[in-house]
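Encoded as structure tokens, the structure appears first; notes follow it.
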Amino acid sequence: MANLDVADVLDDPDFNSTFQVARRARDVGDDGRATVTDELLTLDGVIQPMNNRDLERLAQGDRLTGGITAWCREPLRTVGESHVADEILWGGSRYQVVLCNVWEYGAGYWQVQALLALRTEGYDNG
């Protein structure tokens with residue numbers, strides 16, 4: 001397959017939209033209890049429902065209740081030692097980032113796959 005630079009589509013208002021990302025940090029206090037705080041980021045990108053090929057790549061595919069694929073210029077985080085996975089706030093739901101791939105063609109962009117998160121407190125679905 002040719003290495004096509006489609007990154008400029010991410011900046012085209014005919015295709016992209018603005019969405020929010022909850023950047024989630026985990027901190028363990030002196031009492032040993034973990035607390036999670038959210039920092040809201042506003043990003044531009046393209047979001048679509050996951051397709052069958054995306055679902056096949058995920059081990060959780062057989063239990064999936066909803067998922068999206070997003071393309072944006074900023075890397076999003078999956079779960080790590082000091083942080084919880086980022087969550088994309090889109091269409092009144094939260095989607096937890098489970099996979100993030102960099103595409104370095106042209107200006108570069110990130111492909112992100114996220115699964116519907118059951119947790120909804122702290123987000124206005126209106």
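Exposure proxy ranking for 100, 72, based on other Cβ atoms within 10 angstrom of each Cβ and starting from the fewest, stands as 100, 72. For the range 7-116, the Cβ-based charge dipole about the Cα centre amounts to some 360 debye (Lys, Arg positive; Asp, Glu negative; other atoms uncharged). Each of 88, 68, 47 has some number of other Cβ atoms within 10 Å of its Cβ, and from fewest to most they run 47, 68, 88. Note on the range 7-116: percent of Cα-Cα distances in each 5 Å bin, starting at 0 and stopping at the bin with the largest distance, equals 2, 11, 21, 22, 19, 13, 6, 3, 1, 0, 0. Close amide H pairs (under 5 Å, H built 1.01 Å from N) link residue 67 with 50, 116, residues at least 5 positions away or on another chain.
Couplings 3J(HN,Hα) of the range 91-105, computed from phi: x, x, 10, 10, 10, 7, 5, 10, 8, 9, 10, 8, 10, 9, 6 Hz, in residue order, whole Hz [Karplus 6.51 cos²θ - 1.76 cosθ + 1.60, θ = phi - 60°; x for Gly and Pro]. Stretching residue 77 away from residue 34 to a fully extended chain increases their span by 13.6 nm, per 0.36 nm per residue minus the current alpha-carbon distance.
Full extension of the segment from residue 25 to residue 103, taken as 0.36 nm per residue of separation minus the current Cα-Cα distance, would add 25.5 nm.
Between residue 41 and residue 116, the modelled labels are 2.5 nm apart [label points 7 Å from Cα along Cα→Cβ].
Applying the Karplus relation 6.51 cos²θ - 1.76 cosθ + 1.60 with θ = phi - 60° to the range 71-81 yields 3J(HN,Hα) values of 10, 8, 8, 9, x, 10, 9, 8, 4, x, 5 Hz, where x marks Gly and Pro.
Give the relative contact order (percent, whole number) for the range 7-116; include only Cα pairs under 8 Å separated by 6+ residues.
Relative contact order here is 28 percent.
Coordinate-derived values only; no laboratory data. Here the structure is a predicted model, which means the values were calculated and not measured. Cβ sites come from the backbone with ideal geometry, for glycine too, and all protein chains shown count toward neighbours.
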